[in-house]
Amino acid sequence: MPPERKKKWQQDTYEPAIGKSPERQPDFTLTSGMEISPLYTPGDIKGIDLEESPGYPGEYPFGRGIQPTMYRGRLWTMRQYSGFASAEESNRRYRYLLDQGQTGLSIAFDLPTQIGYDSDNPLARGEVGKVGVPIDTLKDMEILFQNIPLDKVSTSMTINATAPVLLAMYIALARKQGVALSELNGTVQNDILKEYIARGTYIFPPAPSMRLTTDIFEYCRREMPRWNTISISGYHMREAGSTAVQEIAFTLANGIAYVKAALDRCLDIDEFAGRLSFFFDAHNNLLEEVAKFRAARILWAKIMKERFGARDDRSWMLRFHTQTTGCSLTAQQPYNNIVRVALQALAAILGGTQSLHTNSYDEAYATPSEEAVTTALRTQQVLAYESGVADSIDPLGGSWMVEKLTRDIMEAAERYIDKIDSLGGVLAAIEKGYQQREIQESSYRYQKEVEAEKRVVVGVNKFATPYEKLKSLNKINPEEEKKQMASLTKVKQQRDSATVKASLENLRRVAAGNENTISAFIDCVEALATVGEICDTLREVFGIQREYVII
Amino acid sequence: MSKKKIRVLIAKPGLDGHDRGAKVVARALRDAGMEVIYTGIRQTPEMIVQSALQEDVDVIGLSCLSGAHLELFDDVMQGLRDRNMDSVNVIAGGIIPEDDILELQKIGVKAVFGPGTPTAEIVDAVEKLVKGTD
């Protein structure tokens with residue numbers, strides 16, 4: 001259909017129709033602010049080579065998927081982010097989920113563990129075991145993985161500032177289980193830049209933090225070739241309120257910063273780039289999200305090939321985990337969340353994700369109950385085995401709308417990346433509060449739109465009939481915090497304090513110098529030094545970071 | 001009632017970094033003509049009480065999504081009592097289960113706003129609370 005044909009339809013048919021009875025909204029827009037056309041036709045994608053612009057599956061630039069067979073070969077990994085109360089309770093939940101057909105583990109750590117405080121630190125009060133599992137020493141990690149052989153699972157750990165400590169514990173655990181490090185599959189999030197922008201679990205200033213990030217790249221390149229050394233995350237920026245375009249733009253810009261840091265360490269790009277992985281949000285607008293995932297893949301492939309000159313095709317591939325959007329979950333009429341999650345998960349699958357977490361319907365109330373998380377996992381299984389969407393590769397490819405949105409999102413994201421470059425790169429932009437401010441503006445605009453009923457939230461600002469609040473929630477017994485403190489005291493009494501002290505002194509020396517720190521971390525955790533002791537040692541060497549920008 | 005602007009401290013106690021809601025509420029209150037001080041994340045209860053004292057606020061809004069609200073809000077309330085600041089109205093928001101809302105009301109938290117609350121409702125509640133105590 002040539003563009004004239006669409007114009008003719010607009011003049012002859014569409015405009016007279018809306019002249020008679022106007023559309024239900026004055027305008028239709030994506031979260032990214034871009035106008036949605038009433039109709040997409042071949043004219044909209046004129047100039048886009050639909051064969052070569054996205055490429056073929058498994059071929060550069062991977063717009064249609066990174067694997068040649070995608071889900072026909074192997075389904076995505078079903079990986080529910082989970083952890084609460086104690087190592088025992090969390091271990092029980094992991095084994096339950098594996099029994100229900102989950103195919104990978106995803107560990108949620110509590111905030112003290114993420115920010116480097118022991119469970120008995122006064123700053124940890126009330127937080128122990130709440131949003132994740134408390135880990136003070138290797139002993140807790142052993143309990144967490146009881147009866148879970150590390151050579152049989154892949155494990156994703158959402159851990160950033162303290163990533164080297166938890167990675168060291170995983171390594172020490174593998175040694176105890178007699179599993180070779182080269183056999184380990186999994187991921188550490190290890191993405192500190194987005195912590196400064198949105199998530200907030202940083203400890204140290206950017207320079208030493210980036211050094212630790214790069215230490216993990218370097219160590220794993222030698223010792224753990226199957227480990228994903230980072231999960232460069234847009235998820236938390238999106239949850240903080242960014243648009244889809246900002247999400248991928250800020251994430252890829254962070255990716256560029258990590259690649260530069262590793263190149264500055266004189267690592268060869270094709271030796272580390274294949275182990276970089278990503279993490280995105282699957283939000284409400286199904287087609288915008290599908291286009292976003294496709295756009296991100298194409299952009300990253302181009303960045304790696306053209307900007308950095310990577311030669312290995314694995315270095316060009318954007319492999320990613322997806323989580324459905326937490327902030328869309330409503331406390332009102334909570335069972336509606338099951339439907340939202342199913343649609344968001346569908347977007348992730350149509351977008352070609354490698355791994356997926358589906359949220360539970362009760363998460364506007366608490367961390368998930370067993371019943372709710374089972375429904376979330378079953379949602380993935382229904383999509384995988386019943387819906388048919390996993391049976392052909394990139395089934396929306398060639399849709400005039402999806403291809404046009406893919407192109408529009410790519411171009412808009414590129415403009416943001418250029419802007420960040422022009423500000424002097426990611427860190428300079430963070431210091432100026434650029435990304436933080438952009439996200440805040442988008443988040444406030446969205447809130448205003450919801451309150452003006454320009455955006456409908458079913459059950460909240462429309463169809464808000466009475467509902468019953470959820471009753472059977474996952475409640476963390478306050479005794480768990482005391483139990484954890486007691487078990488920490490016991491470990492401290494039983495360990496050899498001279499070995500602990502020596503390992504921490506060695507870490508202090510290594511951290512103050514230039515050598516890779518990971519072996520020193522492993523010595524510390526094997527000596528049963530605590531997460532807090534290790535991080536306090538580093539705080540003395542590196543200093544601490546304060547929040548950059550507040551409103 | 002005096003014409004002076006209502007002063008509100010929006011605070012993030014504990015280690016929780018989810019600050020989207022706190023920032024949105026801070027902005028909405030500011031747009032409604034109030035003086036709003038936002039503490040930023042990772043504040044101890046003691047730091048929050050100190051800020052409230054220094055800034056001479058009428059209302060403190062506590063935001064917590066990490067599940068540590070019972071302990072942390074209780075510490076804030078205790079700190080206010082220790083300094084005879086009982087007249088400061090405390091409101092809260094975040095991921096707070098129904099049972100805990102009752103607990104929080106018992107220790108003196110005036111209102112708890114859950115996810116999906118329109119900001120206008122919060123503005124209204126703050127204005128009413130301050131009028132009531134004048």
Exercise. Does segment A:190-215 hold any residues that are more than 14 Å from chain B (Cβ to nearest Cβ) and charged (D, E, K, R), and which are they?
Worked result: A:211, A:215
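Here is a check on your reading of the model: is residue B:88 among the aliphatic types (A, V, I, L, M), touching a strand residue (DSSP E or B) at 6+ places or on another chain (Cβ under 8 Å) and more than 14 Å from chain A (Cβ to nearest Cβ)?
Details: among the aliphatic types (A, V, I, L, M): yes; touching a strand residue (DSSP E or B) at 6+ places or on another chain (Cβ under 8 Å): yes; more than 14 Å from chain A (Cβ to nearest Cβ): yes.
Yes; evaluated as a whole, the condition is true for this residue.
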Exercise. Of the residues A:64, A:79, A:24, which single one is of a type in the set (Lys, Arg) and in contact with a Pro (Cβ under 9 Å, 6 or more places away or on another chain)?
Worked result: A:64
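Only one of these is within 14 Å of chain A (Cβ to nearest Cβ), open to solvent by 20 Å² or more (accessible area, probe 1.4 Å) and not aliphatic (A, V, I, L, M): B:27, B:81. Name it. It would help to see each step written out before you state the result.
Values: B:81 fails: within 14 Å of chain A (Cβ to nearest Cβ).
B:27 is the lone residue from the list that is within 14 Å of chain A (Cβ to nearest Cβ), open to solvent by 20 Å² or more (accessible area, probe 1.4 Å) and not aliphatic (A, V, I, L, M).
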For this session: Under 6 Å between Cβ atoms, at least 6 apart or on separate chains: pull out the pairs that start in segment A:361-380 with a residue that is within 14 Å of another protein chain (Cβ to nearest Cβ) and end on any residue that is assigned to a helix (DSSP H, G or I) and polar (S, T, N, Q).
Result: A:361/A:337
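Just to be sure before I move on: is residue A:445 within 30 Å of residue A:193 (Cβ to Cβ), open to solvent by less than 90 Å² (accessible area, probe 1.4 Å) and of a type in the set (Lys, Arg) in the structure I sent? Let's see the steps before the verdict.
Values: within 30 Å of residue A:193 (Cβ to Cβ): yes; open to solvent by less than 90 Å² (accessible area, probe 1.4 Å): no; of a type in the set (Lys, Arg): yes.
So residue A:445 fails the test.
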Exercise. What number of residues in segment A:305-332 are surrounded by 19 or more Cβ atoms within 10 Å (Cβ to Cβ) and in a loop (DSSP other than H, G, I, E, B)?
Worked result: 9
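Of all residues in segment A:20-42, which are of a type in the set (S, T, N, Q) and over 17 Å from residue A:285 (Cα atoms)?
The first filter runs over segment A:20-42 and keeps only residues of a type in the set (S, T, N, Q), leaving A:21, A:25, A:29, A:31-32, A:37, A:41.
Across segment A:20-42, the qualifying residues are A:21, A:41.
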Problem set entry | Which numbered condition residue B:100 fails, given (1) more than 28 Å from residue A:329 (Cα to Cα); (2) within 12 Å of chain A (Cβ to nearest Cβ); (3) open to solvent by less than 20 Å² (accessible area, probe 1.4 Å) | (1)
Exercise. List, please: which pairs have Cβ atoms under 7 Å, are six or more places apart or on different chains, and start with a residue in segment A:68-87 that is of a type in the set (Val, Ile, Thr) and end with one that is open to solvent by 30 Å² or more (accessible area, probe 1.4 Å)?
Worked result: A:77/A:103; A:77/A:354
For this session: Determine which member of the set B:22, B:52 is crowded, with 22+ Cβ neighbours inside 10 Å, more than 14 Å from chain A (Cβ to nearest Cβ) and in contact (Cβ under 8 Å) with a residue 40 or more places away in the chain.
Result: B:52
Exercise. Does segment A:192-209 include one or more residues that are in contact (Cβ under 8 Å) with a residue 40 or more places away in the chain, closer than 24 Å to residue A:246 by Cβ and more than 18 Å from the chain's Cα centre (by Cα)?
Worked result: yes
Exercise. Among the listed residues A:271, A:239, A:223, A:218, which satisfies the condition of being within 14 Å of chain B (Cβ to nearest Cβ), open to solvent by 30 Å² or more (accessible area, probe 1.4 Å) and either touching a residue at least 12 places away in the same chain (Cβ under 8 Å) or touching a Ser or Thr at 6+ places or on another chain (Cβ under 9 Å) (or both)?
Worked result: A:239
Exercise. Identify, please: which residue in segment A:482-494 is surrounded by fewer than 17 Cβ atoms within 10 Å (Cβ to Cβ) and more than 32 Å from the chain's Cα centre (by Cα) and is, among those, farthest from the other protein chains (Cβ to nearest Cβ)?
Worked result: A:494
Seminar exercise, completed: Of the residues in segment A:39-76, those that are aromatic (Phe, Trp, Tyr) and open to solvent by less than 20 Å² (accessible area, probe 1.4 Å) come to A:62, A:76
Exercise. When only residues in segment A:465-481 that are at the interface with chain B (Cβ under 9 Å from one of its Cβ atoms) and open to solvent by 40 Å² or more (accessible area, probe 1.4 Å) count, which is modelled with the lowest pLDDT?
Worked result: A:471
Seminar exercise, completed: Filtering helices (runs of 4 or more DSSP H) wholly in segment A:430-545 for at least 3 residues that are closer than 26 Å to residue B:97 by Cβ and of a type outside the set (Val, Ile, Thr) gives A:434-451, A:479-494
For this session: Report the residue count in segment A:369-397 for those that are under 20 Å from residue A:353 (Cβ atoms) and outside any helix (DSSP H, G or I).
Result: 12
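The values are calculated or read from the model by the stated rules, or taken from the named source; none is laboratory data. It should be emphasised that the depicted structure is a prediction, and the values quoted were computed from it without experimental measurement. A quick note on method: Cβ atoms are made from the backbone with ideal geometry, for glycine too, and the neighbour counts reach across all protein chains shown. Calculation scope for accessible area: heavy atoms of the full protein, side chains included, ligands and nucleic acids excluded. Shrake-Rupley method; radii C 1.70, N 1.55, O 1.52, S 1.80 Å.
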